[in-house]
Amino acid sequence: MFNKFFTVTLFAFIVASCKPVPNTGADGYQFGTPQYEKQQVLVNVVTYNTQKELLASAKAKGVNDTEIVAFSELRAPFDVCTIHMVKPTVKYEPEFVGHEFLHCSYGQWHTSNQSRS
């Protein structure tokens, strides 16, 4: 009897703990409709010593968002991608590097109200 009660209780606990989670990553974005899909891309990485340097580079490239933490440069035919980020030894934020990498493979995939990068 105890084994049956334990099994039912364990099953109920497992089912209760398997709740769907929102489709939002640790970076605060949701993956939307891809602009394209590339399985092979040459990725260059440019790193900066400070957030201020990153923002200055972004501004020089026409990105005037003071809240970005990384950004990507994509140009047709989208076979080469450059990720700009603060050195991970200075500021480790893998969720944003992964976010930028997805831009390399899928282009612009998030909506304009989320376009921080």
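Conditions tested, residue by residue: (1) surrounded by 10 or more Cβ atoms within 10 Å (Cβ to Cβ); (2) of a type outside the set (Val, Ile, Thr); (3) modelled with pLDDT under 65.
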{"residue": "12", "(1), (2), (3)": "yes, yes, yes"}
{"residue": "24", "(1), (2), (3)": "yes, no, no"}
{"residue": "27", "(1), (2), (3)": "yes, yes, no"}
{"residue": "30", "(1), (2), (3)": "yes, yes, no"}
{"residue": "33", "(1), (2), (3)": "yes, no, no"}
{"residue": "40", "(1), (2), (3)": "no, yes, no"}
{"residue": "51", "(1), (2), (3)": "yes, yes, no"}
The listed residue being touching a strand residue (DSSP E or B) at 6+ places or on another chain (Cβ under 8 Å) and at pLDDT below 95, out of 69, 80, 86: 69
Any chance residue 57 is surrounded by 11 or more Cβ atoms within 10 Å (Cβ to Cβ) and farther than 17 Å from residue 107 by Cα: yes
Residue match in the range 72-95 (condition: in a helix (DSSP H, G or I), under 18 Å from residue 29 (Cα atoms), in contact (Cβ under 8 Å) with a residue 12 or more places away in the chain and not β-branched (Val, Ile, Thr)): yes
Enumeration of residues in the range 60-71 that are buried (at least 16 other Cβ atoms within 10 Å of the Cβ) and not in a loop (DSSP other than H, G, I, E, B): 70, 71
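The values are calculated or read from the model by the stated rules, or taken from the named source; none is laboratory data. None of the values given here were measured: they were computed from a predicted structure. Cβ sites come from the backbone with ideal geometry, for glycine too, and all protein chains shown count toward neighbours.
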